[in-house]
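What follows is a set of notes on a single structure, which appears directly below.
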Amino acid sequence: NIFKLKQIQSMKKLTQTSILFLLALSLLTFTQCKDAKNAAVTKILEVYAKQINDNCPMQVNQAVRIDSCRVTDKMTIKTHSTISYVNAKNFNPDEFIKMTKPGLLYTIQTNNDLKSLRDLDVIFIYSYNDDSGKPFGEITIGPEDYNQPVDENNKGDLASMKTEDTDALLNKVVTGIKDHLPME
């Protein structure tokens, strides 16, 4: 009976060891697969950033210019932009993010050129400075944001703002433009 008891204990230890080995092997494989995916996505983002940088500076509209783009972390691409004719000192970052994020989110959700990046769960970071290099703010948009239903009522910078917020924004823009006068 002692011999059988020792055999049963040995089999239990062997079974526990085997289960732990298989668990460790599966975790290692999963981690390597995840690392391989991250590496592949990073390469895709590097190509994407190079395409943008080859065209920089790129004027988006009369006030916004994309200066550069780079991969900052796994699954993350960061775009650096300048907003002309306004001063960052007139905005606090929370106001700026509240005003700007809805339009960026709508663009990411609806732009077909970004579909492949959305499908890869890429994180987009947008960093804005004024003409003097002072930061307005930084906006991060990840899968938890752009995988939500598209909000057709919030697709622009001003669409999500209350009337009093819009009036305050316009006053800040006028002040910023006055600071740049006389313009060429």
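For Tyr48, the shell of other residues with beta-carbons less than 13 Å away shows a net charge of +3, using +1 for Lys and Arg and -1 for Asp and Glu. Under Stokes-Einstein, with the Kirkwood radius over Cα pairs as Rh, the value for the range 38-114 at 4 °C and 1.567 mPa s is 92 µm²/s. Rounded to the nearest whole Hz, the Karplus-based 3J(HN,Hα) values (6.51 cos²θ - 1.76 cosθ + 1.60, θ = phi - 60°) of the range 104-114 follow the sequence 5, 4, 4, 4, 5, 5, 10, 7, 5, 5, 9, with x at glycine and proline. Would you mind checking which residues have amide H under 5 Å from Asn87's amide H? H placed 1.01 Å from N; only 5 or more apart, or other chain. Answer set, sorted by chain and number: Gly176.
Within the range 49-155, antiparallel bridges make up roughly 65 percent of the DSSP beta bridges whose residues both belong there.
Under 5 Å from the amide H of Thr76 lie the amide H atoms of Ile123, each residue being 5 or more positions distant or on a separate chain, with H modelled from the backbone and absent for Pro and chain starts.
Put a plus charge on the Cβ of each Lys and Arg, a minus charge on the Cβ of each Asp and Glu, and nothing anywhere else: the dipole of the range 109-149 about its Cα centre is then about 60 debye.
If we count every other residue with Cβ under 10 angstrom of Pro57's Cβ, Lys/Arg +1 and Asp/Glu -1, where does the sum land?
0
The residues neighbouring Leu114, those whose beta-carbon lies less than 14 Å from its own, together hold a net charge of -2 under the Lys/Arg +1, Asp/Glu -1 convention. Spin-label model, Leu114 to Asn38: label points 7 Å out along the Cα-to-beta-carbon direction sit 2.4 nm apart.
Protein chains only, probe 1.4 Å: how do Ile123, Ile141, Ile83 rank by accessible area, largest first?
Ile123, Ile83, Ile141
The value given for the range 63-149 is a Kirkwood hydrodynamic radius of 13.5 Å, derived from the mean inverse Cα-Cα separation. The candidates Ser68, Ser84, arranged from most to least accessible area with a 1.4 Å probe in the full protein assembly, appear as Ser68, Ser84.
The values are calculated or read from the model by the stated rules, or taken from the named source; none is laboratory data. The structure displayed is predicted, hence computed values, not measured ones. Glycine also receives a Cβ, built like all others from the backbone with ideal geometry; neighbour counts cover every protein chain displayed. Accessible surface areas use protein heavy atoms only, side chains included; no ligands, DNA or RNA. Shrake-Rupley method; radii C 1.70, N 1.55, O 1.52, S 1.80 Å.
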